[in-house]
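Below is one structure; the comments refer to it alone.
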Amino acid sequence: MKICHVVAWFPNSRNPLEASWIQRHIEALSPHCDNSILHLQVIPSTRFSVIRKSEPGLLQRIVEIPVNSWKLAEMLTAMLLSFYLFTLRFCRQADLINFHIAYPTLVYWHWMKKFFRRPVVISEHWSAYRFHFGVTDKSKLKSVKRIFRQGIPVIAVSSSLLSDIRNFSGGDFKGYIVPNAVSSPFSYRPGERREKFFMASYWKSPKRPLVVLEAFKLFAEDHPHFELVIGGGGPHVDIMKRWVDDNDLAGRVSFVGTLTPEEMASHFSSSQAFLHCSDYETFSVVCAEALCCGAPVVASNVGGIPEFVDGTNGVLVNENSAAAWLDALRCFVRRRQEFDSELISRKAIDRFSKEQIGRRYYQILCEVAGEEEKISKMTLT
């Protein structure tokens, strides 16, 4: 089956790590489908520029416009989409169009679909629906809600995100769940785990690192041999560093900056647990990566996290307060002998490997495209 993936975010020369989870989803399909990618992105900026990349199976057009108007960005995106859907051979020959991230790509699809008749499906990863895109005037979101009121099937990375999209849009559509894929180098490595907690992210809202730091300061009074290692960058890093200095924790808390996947896997494998405090997560790839390395997870009980973190592989925290997180850290230390790192890793890999994700993803696309015969063949093999 030939799939044309239309993506709003994708790794590119401006940001080589942008939406790598979308790239992994598409790669997971490769054993089953002939994938081609059309990456269209219009970004309000201070200048005009166009980033072009063309190679077999991939066309990228990233347009920066010196106008801070999302309405103009929506219209330009629609014009680019119309042009390439009709002119690119891999779009015209596709059996199905898979749109990754609905907004702004599909704002005008209710008009465009009359001229481009192919089965379509939306893959969604974005948390914006839960927060109504940060817009207080909900009337401004009519065009976004309309996307999901056309009956287009939606594939979300978690049940929580699928529920958020339904609540946001009021749409009646068929929904599916395909978690994010986790691949090498995130796997179990035997060896001793240090008296160390690890946390890593791109540090900005809705992440809540100061809550963990406050809890760790109290925890360290009774467990002086533990350290906390923090990876990642972001706008809150300087705030975190100042807090550590102001609270005399420089010898107990260390910052290791942005890490490669191999370095992340090394920290997961050498830590007692991975800590993740956030007000919301559509899925949390980093928690899944930690589990694949055999690291138990102590995380906020929000969004898609409780769909794969439970009492067998970690501790869920019901409130993002220093007191609740202190209780969770103490609970983990009391129970840490119960956690079998190798078993945690094996179960996580069975669930999030590219092989499993790709198979599930392909079955859904076959169903959307009406190719039930291919689903039956997969079931039998």
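The values are calculated or read from the model by the stated rules, or taken from the named source; none is laboratory data. Note that this is a predicted model, so its numbers are computed, not measured. Heads up, the Cβs are rebuilt from the backbone with ideal geometry, glycines too, and the neighbour counts pull from every protein chain shown. When the accessible area is computed, the model is the full protein with side chains, heavy atoms only, and any ligands, DNA or RNA have been set aside. Shrake-Rupley method; radii C 1.70, N 1.55, O 1.52, S 1.80 Å.
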Fill in: Magnitude of the charge dipole, the chain, Cβ model with Lys/Arg +1 and Asp/Glu -1, debye to 20
1580
Worksheet item: Between their Cα atoms, which of LYS196/LYS217; LYS2/LYS174; LYS174/LYS354; LYS71/LYS140; LYS113/LYS145 are more than 19 Å away from each other?
Response: LYS2/LYS174; LYS174/LYS354
Worksheet, complete the sentence: Output for the stretch 184-279: GluC sites (Glu not before Pro) sitting in coil per DSSP, at most 13 other Cβ within 10 Å, listed by number, reads GLU192, GLU195
Worksheet item: Any idea how far the Cα center of the stretch 40-63 sits from the one of the stretch 94-155, in Å?
Response: 21
Worksheet item: Where Lys and Arg each count +1 and Asp and Glu each count -1, what net charge lies around LYS207 among other residues with Cβ under 10 Å from its Cβ?
Response: 0
Practice prompt. Given the options ASP164, ASP137, ASP327, state which has the largest fluctuation in a GNM of the chain using a 10 Å cut-off (strictly under) for Cα springs.
Written response: ASP137
Worksheet entry | Centroid-to-centroid separation of the stretch 195-261 and the stretch 346-362 [C-alpha atoms, Å] | 32
Worksheet entry | trypsin sites (Lys or Arg not before Pro) restricted to DSSP loop in the stretch 1-74 with at most 16 other C-beta within 10 Å | ARG14, ARG47
Fill in: Which of VAL256, ALA73, TYR176, positive extreme of dipole for the chain (C-beta unit charges)
ALA73
Item to complete: Please give the FRET efficiency for LYS138 paired with GLU262, using the beta carbon to beta carbon distance and R0 = 41 Å, rounded to the nearest 0.05.
Response: 0.40
Response to the item:
The longest stretch of the chain containing none of the chymotrypsin sites (Phe, Trp or Tyr not before Pro) that sit in a DSSP loop with at most 12 other Cβ atoms within 10 Å is 116-381
Worksheet, complete the sentence: So the carbon and sulfur contribution to the accessible area of the stretch 257-381, 1.4 Å probe, in percent, is 47
Worksheet item: Among the DSSP beta bridges whose two residues both lie in the chain, what percent are antiparallel, rounded to the nearest 5?
Response: 15
Practice prompt. With a ≥ b ≥ c taken as the square roots of the eigenvalues of the C-alpha gyration tensor of the stretch 153-229, please select rounded if a/c is under 1.5 and otherwise prolate if a/b is larger than b/c or oblate if it is not?
Written response: oblate
Worksheet entry | For the stretch 1-104, size of Cβ-based charge dipole, Lys and Arg +1, Asp and Glu -1, in debye | 240
Worksheet entry | the chain: relative contact order as a whole-number percent, Cα under 8 Å and 6+ apart | 15
Worksheet item: For LYS2 and GLU355, FRET efficiency with R0 = 22 Å and r from the beta-carbon atoms, rounded to 0.05?
Response: 0.55
Worksheet entry | Sequence of VAL135, VAL154 from largest to smallest accessible area, 1.4 Å probe | VAL135, VAL154
Worksheet, complete the sentence: Within the stretch 217-261, the residues whose backbone N lies under 19 Å from a label point placed 7 Å from the Cα of LEU17 along the Cα-to-Cβ direction are 229-241, 254-261
Fill in: Positive-end residue, the chain charge dipole about Cα centroid, Cβ charges, pick of LEU329, THR87, SER278
THR87
Discussion item. Using +1 at the C-beta of Lys and Arg and -1 at the C-beta of Asp and Glu, which of GLY134, ILE101, PHE115 has the Cα lying farthest in the positive direction of the dipole of the stretch 58-135?
Written reply: PHE115
Discussion item. Under 17 Å from a point placed 7 Å out from the Cα of HIS223 along the Cα-to-Cβ direction: which residues of the stretch 299-316 have their backbone N that close?
Written reply: 299-300, 311-316
Worksheet item: 222 nm [θ] for the chain, helices only, -39500 (n - 2.57) per DSSP H run of 4+, per residue, to 500?
Response: -11500 deg cm²/dmol
Worksheet item: So what is the relative contact order for the stretch 283-373, in percent, with contacts set as C-alpha pairs under 8 Å and at least six apart?
Response: 29
Response to the item:
The FRET efficiency for GLN337 and THR312, from their Cβ-Cβ distance with R0 = 22 Å and rounded to 0.05, is 0.95
Discussion item. Computed from the coordinates I sent, Rg and Dmax of the Cα atoms in Å equals one of (i) 22.0, 67; (ii) 24.4, 87; (iii) 20.4, 59. Tell me the label.
Written reply: (i)
Fill in: Relative contact order of the stretch 1-141, defined on C-alpha pairs under 8 angstrom at six or more residues apart (%)
24
Response to the item:
To the nearest 20 debye, the stretch 133-250 has a Cα-centred charge dipole, built from +1 on Lys and Arg Cβ and -1 on Asp and Glu Cβ, of 1020
